[in-house]
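Heads up, the thing below is written out as structure tokens.
The values are calculated or read from the model by the stated rules, or taken from the named source; none is laboratory data. Note that the structure is a prediction, hence the values are computed from the model and not measured. Because the Cβ atoms are built from the backbone with ideal geometry, glycine has one as well, and the counts that use them run over all protein chains shown.
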Amino acid sequence: METSALNLGLSLVSALVLHEAGHFIAARACKIRVIEAGLGWGPLLFNLRFREVDYQLRLLPLGAYVRMDMKGLQKRPLSQQLLVLLAGIGVNFALSAIAWGSFFGTLNLILALGNLFPLYQQDGWKIGMVIFRSMFKRPSPIVEWSFTISAGLVGLLLLAFI
């Protein structure tokens, strides 16, 4: 599977934006306020406020994000919290199936699987935190830190063997 730098860049940006669009749409469907949606890192190039959401474009177009009202998310039932957190992964799995056999399909599969790992700030880690807090009916710092550290160690071991 041969790919050009342009194909790589456009495929990655598209996959990331569509992943975050999944979170955005799920948050809106669950009536969770979305504060900001953006593409890229670094200095701000462009900002547009539309329907109470700040849309931002930054200098380095690698990465995308959606910032939502976390207190609003945490007040929702567990099923809605999981829906919002899994929506981006679901979009990547769907895109992988639609574009099966292509570079874009493979990239989406890698992004979906990678986001399932419970590494700090990845969707899999956030899902673990939501589940633990639901199980214990409150935050449990010792459980959350243990989960965060052990998942990070497992991730480092996996990288070492790859």
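So the values come out like this:
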| quantity | calculated |
| --- | --- |
| Evaluation of LEU83 against (1) closer than 26 Å to GLY128 by Cα; (2) touching a Leu at 6+ places or on another chain (Cβ under 9 Å) (one fails), failing number | (2) |
| Tally of residues being under 19 Å from GLU20 (Cα atoms), modelled with pLDDT under 85 and either surrounded by 11 or more Cβ atoms within 10 Å (Cβ to Cβ) or small (Gly, Ala, Ser) (or both) across the stretch 119-162 | 2 |
| Residue list for the stretch 71-82, restricted to those being surrounded by fewer than 18 Cβ atoms within 10 Å (Cβ to Cβ) and either outside any helix (DSSP H, G or I) or within 16 Å of the chain's Cα centre (by Cα) (or both) | LYS75, ARG76, PRO77, GLN80, LEU82 |
| Qualifying position, being more than 15 Å from GLU20 (Cα to Cα) and either under 12 Å from the mean Cα position of the chain (by Cα) or among the β-branched types (Val, Ile, Thr) (or both), among ILE89, ILE98 | ILE98 |
| Any hit, the stretch 61-70, residues being in a helix (DSSP H, G or I), at pLDDT below 95 and of a type outside the set (Phe, Trp, Tyr) | yes |
| Scan of the stretch 45-104 for residues that are among the aromatic types (Phe, Trp, Tyr) and within 23 Å of ALA15 (Cβ to Cβ), ordered by number | PHE46, TYR55, TYR65, PHE93, TRP100, PHE103, PHE104 |
